[in-house]
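Chemist: Below is one structure. I have some questions about it.
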Amino acid sequence: MTSHTSTVPATPAASTTASTTPASSPTDQATRWLQSFAAALSAGRIDDAASLFVEDGLWRDLVSFTWTIRTSDGQAAIRDMLKATLASARPSNWTLDGEASEAAGSIEAWLRFETAVGRGKGVLRLKDGKARVLMTMLAELKGHEEPHGETRPKGVEHGKYGPGRRSWLQERQAEAAELGVTRQPYCLIVGGGQGGIALGARLKRLGVPGEADLIDLGVSQCADCDGPMYKNKDVVVVGGGDSALQEAMVLAGYTRHVHLVHRGASFRARPDLVGKLAGHANISVLFNTQVEAVRGSQGVEGVRVRQAGADGRSREIDCAGFFAYVGLEPACDFAPPAILRDAAGFLVTDA
C-alpha cells in the first residue's frame, strides 16, 4: 500500500466541532478531526479540544504531555490534563501517518506530532466523528534523536590498527562488564506497565494452563488495541485494580458482554472507577473467583473459573477474549547482574 502522510495545519480558522457528516473515506474523517483538534490546542481552547471526545472517551499519554504514563478518563479528566500540561507541552505539526482504516464502525488512524521538547507518535480511534480513544507517546527528544544512518554506533572501525584494537565482540563484552560497575548509565527509568522493556517492567500473566498457548489468539493485554475484534462477542477480564476496571470499560464499548473476574471480595481500584463501572449494563462481576484455565484450540473459546463457597465446583465461561491485569513484573534482563535489584526484581535507583 502506498504510504500516505497528511499534514494537518493548526489554524484558528479551523472548526473545532467534529463533523458527523460521512466523509469520502476514513482518512478524510480522521483528517477533519485532527484539524479541529490541532486548531483547538494551538489556540488554547481546552474546552473545545475536550469536546472532540465522546463523553467517556479515553486519552492515554505515555510521557509526551504528562511526563508520566497517565490515562485521562472522560471529558472532564481530559480537560484537567490539558489545563496542567498544554502550556508547557506546546504541541504542533499534527499529521496522519498513513491511511486511516475502518472496522466495526470505528475509524483508526496513526499519527505523528511534536511538542516543545520532542517528537511523538499516536493512535486515534473515532466513533461517529468523535474520539473514543487517543493514545500519545513521546518517541524521541529533540537534540537527542536515536542514532541511525551515518550517526549509528559503528560495529567495526575500519582503519583502526595496532596492539590495542578490539573486535566488536570484545567491545560488547567490555561494556557488559563495566556498565553498572565502573561506568554508570546516563539515565535509568523503571516501572510503567505495558510500556515494556524500555521502562523496566511489563504486565504479569496469570500462568494458568492454556494462557501462554493462546497469546495473540484471544489472550491479550490491550483493550484499546484488540477491543474492536470482539464486536458482538463475550470477553473475560481478570483483576480488581485501576487497570482492570479501566480496560473492562473500554472493552464494554466494543463487546456484547464483559465478565470481570476478581479473586478478592472487593475492588482495590479508585472509588470513582468503581462508580463508573456500575453504569455499564454489559459488565458483570464475579468476586472471590479464581481463574483455573483458558480453553481453546485455534483461539480462545472459554475460561474455567472456581468461585469460593460454590461447593468447590468449577464453571465454564464461554468467551472469545481473555485480558489479565494483575500487576507488574520486572523486565530487567537487559541490565547487568551487578546493578542492584529489590526483592521483587525491579532495578533500584536513588530517584
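The values are calculated or read from the model by the stated rules, or taken from the named source; none is laboratory data. What you are looking at is a predicted structure, and each value in this text was computed from that prediction instead of being measured. Note that each Cβ is placed from the backbone with ideal geometry, even for glycine, and that neighbours are counted across all protein chains shown. The area values use the complete protein model at the heavy-atom level, side chains included, leaving out ligands, DNA and RNA. Shrake-Rupley method; radii C 1.70, N 1.55, O 1.52, S 1.80 Å.
Chemist: Any chance the range 306-313 includes a residue that's open to solvent by less than 60 Å² (accessible area, probe 1.4 Å) and either within 30 Å of residue 177 (Cα to Cα) or at pLDDT 90 or above (or both)?
Modeler: Within the range 306-313, none of the residues are open to solvent by less than 60 Å² (accessible area, probe 1.4 Å) and either within 30 Å of residue 177 (Cα to Cα) or at pLDDT 90 or above (or both).
Chemist: Of all the residues that make up the range 20-65, how many are in a loop (DSSP other than H, G, I, E, B) and under 26 Å from residue 245 (Cα atoms)? Give the derivation first.
Modeler: First, pick out the residues of the range 20-65 that are in a loop (DSSP other than H, G, I, E, B): 20-25, 43-45, 52, 63-65.
Next, from what is left, pick out any that are under 26 Å from residue 245 (Cα atoms): 52, 63-65.
Number satisfying all stated conditions: 4.
Chemist: Look through the range 261-276, keep the residues that are of a type in the set (Lys, Arg) and under 23 Å from the mean Cα position of the chain (by Cα), and return whichever of them is nearest to residue 287 (Cα to Cα). It would help to see each step written out before you state the result.
Modeler: Of the range 261-276, the ones of a type in the set (Lys, Arg) are 263, 268, 270, 276.
After this cut, where a residue has to be under 23 Å from the mean Cα position of the chain (by Cα) as well, the list is 268, 270, 276.
Numbers: 268: 12, 270: 17, 276: 17 Å.
The residue in question is 268.
Chemist: Go through (1) without any contact (Cβ under 8 Å) to a residue 40 or more places away in the chain; (2) surrounded by fewer than 20 Cβ atoms within 10 Å (Cβ to Cβ); (3) in contact with an Asp or Glu (Cβ under 8 Å, 6 or more places away or on another chain) for residue 72 and report which single condition fails.
Modeler: (2)
Chemist: In addition: Residue check, residue 71 against (1) at pLDDT below 90; (2) in a loop (DSSP other than H, G, I, E, B); (3) within 26 Å of residue 117 (Cβ to Cβ), all met but one. Which one?
Modeler: Going through (1) at pLDDT below 90; (2) in a loop (DSSP other than H, G, I, E, B); (3) within 26 Å of residue 117 (Cβ to Cβ) one by one, residue 71 breaks only (2).
Chemist: Still on this structure, please answer the following. Where the second residue is open to solvent by 20 Å² or more (accessible area, probe 1.4 Å) and in a loop (DSSP other than H, G, I, E, B) and the first is more than 13 Å from residue 53 (Cβ to Cβ) and free of Cβ contacts under 8 Å to residues at least 40 places away in the same chain and lies in the range 125-147, which pairs have Cβ atoms under 8 Å and are six or more apart or on separate chains?
Modeler: Taking only residues 6 or more apart or on different chains, the pairs are 140/146; 141/117; 142/117; 147/153.
Chemist: Within the range 27-50, can one find any residue that is touching a helix residue (DSSP H, G or I) at 6+ places or on another chain (Cβ under 8 Å), crowded, with 20+ Cβ neighbours inside 10 Å, within 22 Å of residue 121 (Cβ to Cβ) and modelled with pLDDT under 95?
Modeler: No, the conditions are met nowhere in the range 27-50.
Chemist: Could you list all residues from the range 101-144 that are polar (S, T, N, Q) and at pLDDT below 90? Steps first, please.
Modeler: To start, the set of residues in the range 101-144 that are polar (S, T, N, Q) comprises 101, 106, 115, 136.
The answer is 106, and nothing else.
Chemist: Okay, next question. Inspect all residues belonging to the range 83-96 and state whether any of them is part of a strand (DSSP E or B), of a type outside the set (Ser, Thr, Tyr) and open to solvent by 30 Å² or more (accessible area, probe 1.4 Å).
Modeler: Initially, the range 83-96 is screened for residues part of a strand (DSSP E or B), giving 92-96.
Subset that is of a type outside the set (Ser, Thr, Tyr): 93-94, 96.
Next, from what is left, pick out any that are open to solvent by 30 Å² or more (accessible area, probe 1.4 Å): 93.
There is at least one residue in the range 83-96 that is part of a strand (DSSP E or B), of a type outside the set (Ser, Thr, Tyr) and open to solvent by 30 Å² or more (accessible area, probe 1.4 Å).
Chemist: Let me ask something else. Exactly one of (1) β-branched (Val, Ile, Thr); (2) modelled with pLDDT of 90 or more; (3) open to solvent by less than 30 Å² (accessible area, probe 1.4 Å) is unmet by residue 274. Its number?
Modeler: For residue 274, the failing item is (3).
Chemist: Still on this structure, I have one more. Just to be sure I understand the filter: pairs with C-beta atoms under 7 Å, separated by 6 or more residues or on different chains, first member in the range 196-222 and more than 12 Å from residue 321 (Cβ to Cβ), second member modelled with pLDDT under 80 and of a type in the set (S, T, N, Q). Which pairs pass?
Modeler: Correct list of pairs: 202/194; 203/194.
Chemist: Which of (1) modelled with pLDDT of 80 or more; (2) closer than 30 Å to residue 250 by Cα; (3) open to solvent by 30 Å² or more (accessible area, probe 1.4 Å); (4) of a type outside the set (Val, Ile, Thr) does residue 220 not meet, given it meets every other one?
Modeler: Every condition holds for residue 220 apart from (3).
Chemist: OK, next. Determine if the range 165-184 includes at least one residue that is under 33 Å from the mean Cα position of the chain (by Cα), at pLDDT below 75 and open to solvent by 70 Å² or more (accessible area, probe 1.4 Å).
Modeler: Yes, that holds for at least one residue.
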